[in-house]
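Note sheet for the following structure.
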Amino acid sequence: MIRKSLAIAAVAGMALSMANAAEARDQIRIVGSSTVFPFSTAVAEQFGKTTKFKTPVVESTGSGGGLKLFCAGIGAQHPDMTNASRRIKKSEVERCAKNGVADVVEIKVGYDGIVMANSKASPQMKISRQQIFMALAKDVPAGEGKLIPNPNKTWKDVDPSLPDVKIEVLGPPPTSGTRDAFAELAMEGGCKKIGWIKAMKKTDKKKYKAICHSIREDGAYVEAGENDVLIVRKLEANPKAFGVFGYSFLDQNADKIQGSLIDGKAPTFEAISDGSYAVSRPLYFYVKKAHVGSIPGMKEFVAEFTADKAFGPDGYLTDKGLIPMGDAERTKFREDGANLRNNIDL
Amino acid sequence: MTDAATTMNGNTGGGLTTRNSGEAVRKSLKRRYAAEKRFQMYGILAIFFAICMLGLLFTTIIGKAVPAFTQTMINLEVTLYPQDIDPDGTRDPQVLSRANYRTIIRQAFFDLFPDVTSRRDKRQLFEMISPGAVFEIRDQVLKNPDLIGERVTIQMPLSDDIDQLNKGQIDRNLPEAERRVKDKQIAWFERLENRGLVETVFNTTFFTAGDSREPELAGIRGAAMGSLFTMLVTLLVSFPLAVSAAIYLEEFAPVNKWTQTIEVNINNLAAVPSIVFGLLGLAVFINFFGMPRSAPVVGGLVLALMTLPTIIIAARSALKSVPPSIREAAYGLGASPLQVITHHVLPLAMPGILTGTIIGMAQALGETAPLLMIGMVAFIVDIPQGPLDPSTVLPVQIYIWADSPERAFVERTSAAICVLLAFLVFMNVSAVFLRKRFERKW
């Protein structure tokens, strides 16, 4: 009996090592941002059910991780598309080019608002970006050219108009695209309102970025993991805390949590889509042109994603929390996608 | 202090009389019994605490999961006009599957509400039906093309928001802006209910479908099959390898520096964090051997590496616990070393080895971290047909659903946990069964 099972194992092991997937795939593979993941998967599912092609496999690897895989090379073992909750960086374009991935099509799919929210049991907060910076930065300016470790313990310490409540913000960790965007849009947005720091942007960009993007590590900002659902639950349990996450989670949980007004604007669908809500970012996906033709259905998938029934104002992606772009931008990216235009220009 | 002294004296049988030492024992007896009682109490308390926690876990998970096993459906009467579905009358499945069933449903549904006219209202009204309704009709037509031209009642799912409303998860008393379902939709839903068109049925989709972005269409089948294939590969690779390694190390290998190093390393390997195995799998199986990403084969191999040390350690201690008299008796009757092992030692050690295997497999079943690296944390709709198809596994499915914004995924997350637990119970029960069969008393 043992001899038999050993023989089976040997055969199985051999069969496994022979299993070579270098042969062409018949299924699109997508990697990338966890923020774009819900939208990308919704399109993938729709695409799989309504066309003759197989349903694409979508992995959630994070924007940076996705671009790394995407740029690793050409061939069936590399993904065909990657999602990103930020634009591709110059270094990534170069990395892509070095590995033979020269032709990449960039498709912007829409916007995502980043909200700061708290439980409905507490009053709604009205805050400016500068106040967010003063509350959450690692070092805050004290007079011209001088930085001190953030001394603010309560929101009231930041500004007398804010409530007398301990600063406690739950947000994503540094690996998250949401955190990058929050740092860039909310923190830096507030930071550059301070004259001498703004002036530093030209003279010492590195230092400027370090001041504006560093979030305090003394316990006022709690890294709550990449799971936004968890943050929402924690807010329910702790009415004094605030959370930072994507708009779609606010939309789904509007009965329990409320978005804070930032610079006088509430995070609503309309305010994010017309750009008046300050903390919103574009979402993208990138298509590897070299794979079009060898992997079936890529052009059709791009067409499905950029159809008005998907990313348009009444499309099914808005129901998942995507904030659509204006007509002109949608038309531009739909055409870029259809013609596979090499449109990255950094 | 004096007590202890006398007891000691009594024990050593020194100058004191036996009557005295008996007295001392009697005196301390009560205290010693009390200590034993206390010790038992601690044990019972610990078990009680563990049971309470387990009970709490099960009640919350099962309590949350229960709603996921039902789904709110609508019995909609639709007319399948031939000109909409199959204008040329070819009955070609290609044509049938691409027909515009959406219009048919819209028409039938709007006919129920003749008073809804504005475009905005119609949109809100149609949102109440799941996008999966289209596929429901399509499947019915494909299965039975004779339905074309008939007026039939087809049961189709309502959207997740309406489903949540029906299950009482959405509070109707909240202001309209704070809930996903609008006042008008509630009124329409109540009208449907009054006409007897709404039915809550057992959620078969949950057990037959793959993943979906729409909670009402999402199922656990894809992940369960993925787990099954992955575990199968893990078992086929790790069990024979681990058992042969254990037999060699325990029965044949000489004790020297080499075998000692190997032994230490096996023990260390058992403590390596699982993500490291994922990185290894990515580097070796995918990048070097060119195996497919997201496939249960690679997942199974990675998890097999992870479970190997667990099984080896368990198997070695099981082999060690077989009494030497058995071996000696077999040798005495003229059996060769291999015969001694395969005929006598291994069958006796089997229950212990199986227990170790099941522990290792149960660990592997719950792993997500190493699978992240090899692309099994992914959204996969198609149900895998074999270990080479892209698939995900149960714990990953739980993670993906737990991370989804839609409220209806909360109950599905719990339901998926129940399925994972059922898997575990099944594995444990089969282990107990196998153990009973192999068990031999001596």
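The values are calculated or read from the model by the stated rules, or taken from the named source; none is laboratory data. No experiment lies behind these values; they were computed from the predicted model shown. Note: ideal-geometry Cβ built from the backbone for every residue, glycine included; neighbour counts use all protein chains shown. All accessible areas refer to the heavy atoms of the entire protein, side chains included, with ligands and DNA or RNA removed. Shrake-Rupley method; radii C 1.70, N 1.55, O 1.52, S 1.80 Å.
For A:Thr61, B:Thr259, the ranking by accessible surface with the largest value first comes to A:Thr61, B:Thr259, using a 1.4 Å probe.
Each part gets one Cα centre, and for region B:307-349 versus region B:167-204 those centres are 65 Å apart. What does the charge count near B:Pro384 come to, summing +1 for each Lys or Arg and -1 for each Asp or Glu among other residues with Cβ under 14 Å from its Cβ? Charge balance in the 14 Å sphere: 0. The angle between the Cα long axis of helix B:408-438 and the longest principal axis of the Cα atoms of chain B comes to about 40 degrees, rounded to the nearest 10. In region A:65-82, burial by the other protein chains removes 20 Å² or more of accessible area from A:Leu69, A:Gln77, compared with the chain on its own (1.4 Å probe, ligands and nucleic acids ignored). Between B:Glu328 and A:Glu217, the simple spin-label model (points 7 angstrom out along Cα→Cβ) gives 6.4 nm. Computed from the Cβ-Cβ distance with R0 of 25 Å, the FRET efficiency linking A:Leu346 to A:Ala210 stands at 0.65. According to the Cα-based calculation, Rg over Rh for region B:68-212 is 0.99, with Rh computed by the Kirkwood formula.
Please work out the Cα center distance from region A:315-335 to region A:45-112, rounded to the nearest Å. Centre-to-centre (Cα) distance: 19 Å. Legend: mean number of C-beta atoms from other chains within 10 angstrom of residue C-beta atoms, peptide A:38-45, equals 5.
Here region A:220-286 and region A:171-207 have alpha carbon centers that stand 19 Å from each other. Rolled with a 1.4 Å probe across the full set of protein chains, the surface gives B:Arg327 an accessible area near 40 Å². Shape index of chain B: Rg/Rh, with Rg the Cα radius of gyration and Rh the Kirkwood radius from the inverse mean 1/r over Cα pairs, equals 1.17. As a quick test, which of the pairs A:Lys54/A:Lys89; B:Lys257/B:Lys320; A:Lys98/A:Lys192 have an alpha carbon distance above 27 angstrom in this structure? Check vs 27 Å cut-off fails for A:Lys54/A:Lys89; A:Lys98/A:Lys192. Highest mean packing comes first when the peptides A:80-87, B:195-202, A:266-273, B:412-419 are listed by Cβ atoms within 10 Å, giving A:80-87, B:412-419, A:266-273, B:195-202. Rounded to the nearest 10 degrees, the angle from helix A:2-18 to the longest Cα principal axis of chain A is 80 degrees. What region B:71-133 shows is 52 Å² of accessible area per residue, with the surface traced by a 1.4 Å probe over protein heavy atoms. Legend: residues in region A:307-326 shielded by at least 30 square angstrom of accessible surface upon adding the remaining protein chains to the isolated chain (1.4 Å probe, heavy atoms) are A:Asp314, A:Asp319, A:Lys320. For chain B, adding -39500 (n - 2.57) for each run of n ≥ 4 DSSP H residues and dividing by the number of residues yields -20000 deg cm²/dmol at 222 nm.
For region B:221-438, give the percent of accessible area contributed by carbon and sulfur heavy atoms, probe 1.4 Å, rounded to a whole number. On region B:221-438, the fraction of accessible area on carbon and sulfur atoms equals 70 percent. Once the 1.4 Å probe is applied to the protein heavy atoms, region B:301-340 comes out at 44 Å² accessible per residue. Placing a label point 7 Å from the Cα of B:Asn173 along the Cα-to-Cβ direction, the residues of region A:106-126 with a backbone N closer than 18 Å are A:120-121. For region A:153-193, the Cα gyration tensor yields ellipsoid semi-axes of 23, 14, 6 Å (square root of five times each eigenvalue, largest first, whole Å). Taken over region B:221-438, the alpha-carbon convex hull comes to 131 cubic angstrom per residue. Taking the 1.4 Å solvent-accessible surface of region B:73-163 as the whole, the part contributed by carbon and sulfur is 43%. In this structure region A:113-280 gives 44 Å² per residue of accessible area when probed at 1.4 Å with all protein chains present. In summary, the aspartates and glutamates within cross-link reach of A:Lys207, defined as a Cα separation below 16 angstrom excluding same-chain residues under 8 places away, comprise A:Asp139, A:Glu144, A:Glu184, A:Glu188. Summarising the amide proton neighbourhood of A:Val109: residues at separation of 5 or more, or on other chains, whose placed amide H is nearer than 5 Å comprise A:Leu283, A:Tyr284, A:Phe285.
Think of it this way: in the protein assembly as shown, B:Cys52, B:Cys418 stand alone, with no other Cys Cβ under 4.7 Å. Comparing the full protein assembly with the isolated chain (1.4 Å probe, heavy atoms, ligands and nucleic acids excluded), the residues of region B:353-384 losing at least 50 square angstrom of accessible area are B:Phe379, B:Val381, B:Asp382.
The Cα atoms of region A:113-280 define a convex hull whose projected area, averaged across directions, is 9.3 nm². The stretch between B:Ser244 and B:Lys143 holds 31.2 nm of extra length on full extension. This uses 0.36 nm per residue minus the Cα-Cα distance.
Taking all protein chains in place and a 1.4 Å probe, what share, in percent, of the accessible surface of chain A do carbon and sulfur account for? Heavy-atom surface of chain A belonging to carbon and sulfur, 1.4 Å probe: 54 percent.
A helix-only calculation puts chain A at -10500 deg cm²/dmol for mean residue ellipticity at 222 nm, using -39500 (n - 2.57) for each DSSP H run of at least four residues, averaged over all residues. Both chains summed, the buried accessible area for A and B stands near 4100 Å², from protein heavy atoms and a 1.4 Å probe. Within the straight-line cut-off of under 14 Å between alpha carbons, the aspartates and glutamates reachable from A:Lys265 are A:Asp274, sequence neighbours fewer than 8 places apart in one chain being disregarded.
Accessible area per residue (1.4 Å probe, heavy atoms of protein chains only) ranks A:His78, B:His343, A:His291 as B:His343, A:His78, A:His291, with the largest value leading.
For B:Asp92, A:Asp255, B:Asp163, what's the largest-to-smallest order of accessible area, 1.4 Å probe?
Order by accessible area, largest first: B:Asp92, A:Asp255, B:Asp163.
When the alpha carbon gyration tensor of the protein assembly as shown is reduced to an equivalent ellipsoid, its three semi-axes come out at 52, 38, 31 angstrom, largest first.
How many times 2.2 N^0.38 Å is the alpha carbon radius of gyration of region B:219-288? Normalised by 2.2 N^0.38 Å, the Cα Rg of region B:219-288 equals 1.47. Once the Cα-Cα distance is subtracted from the 0.36 nm per residue extended length, the B:Gln363 to B:Phe58 segment shows a gain of 107.9 nm.
Need one number: nm distance between label points at B:Trp258 and A:Lys153, each 7 Å from Cα along Cα→Cβ, rounded to one decimal. Here the modelled spin labels are 6.7 nm apart. Report the one residue of A:Phe333, B:Phe426, A:Gly297 whose Cα lies farthest in the direction of the positive end of the charge dipole of the protein assembly as shown (charges on C-beta: Lys and Arg +1, Asp and Glu -1; origin at the Cα centre). With unit charges placed on the Cβ atoms, the residue in question is B:Phe426.
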